[in-house]
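One structure is given below, encoded as structure tokens.
Just so it is clear, none of the values below were taken in a lab; they were calculated from the coordinates. As the structure is a computational prediction, the values presented were derived from the model and not from experiment. Cβ coordinates were reconstructed from backbone atoms using ideal geometry, including for glycine residues, and neighbour counts include every protein chain displayed.
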Amino acid sequence: MESLSSEGLKPLFHQLDINDLNSITTAAAFFKEKYGGVDILINNAGIAFKGPRSPEGCLQHTAGSVQHHSWFYQVSLNLPFVGSRTLNQCSPELQQRFRSEDITEDELVGLMQRFVDKAKSGEHNQDGWPDTAYGVSKTGLTV
């Protein structure tokens, strides 16, 4: 903030809990009312783990919730989506659905939940998913 201020800019920040839908909704309303929207939004929330599994699927659930679901709601209220690389590691069927121009938000959320469920049971590879909960969650964001 100091560096930007020294350049004559007036950066502002607003704390947001992306795991709390009320916080997301409140922040989006605040940005819209006070500033007419958001120019730059920095996603500093992230969880990355080594390996696809943990006991009881805790890591996949946490990464799926924080990396996809929470950030998805934040982005859908404030910004357009961007691109991803992990998609190429998915099965052709999953790639086709993720790249489809007619994919709905409900279908996307369902696909992301499918990954979480399959990863919890250790069946994600057989279902066409790669071994990266972090990458899959970011793919869900970019669609």
Along segment 14-25, Karplus-curve 3J(HN,Hα) (6.51, -1.76, 1.60; θ = phi - 60°) to the nearest Hz, with x for Gly and Pro, reads 9, 5, 8, 9, 6, 8, 10, 4, 5, 5, 4, 4
Let's test the formula: R0 of 22 Å, r as the Cβ-Cβ distance of Gln89 and Asp117. What FRET efficiency results, to the nearest 0.05? 0.75
What length, rounded to one decimal in nm, is gained on full extension from Glu101 through to Thr25, with 0.36 nm per residue of separation minus their alpha-carbon distance? 24.7 nm
In segment 99-137, what GluC sites (Glu not before Pro) fall in a loop by DSSP, with at most 12 other Cβ atoms inside 10 Å? Glu101, Glu123
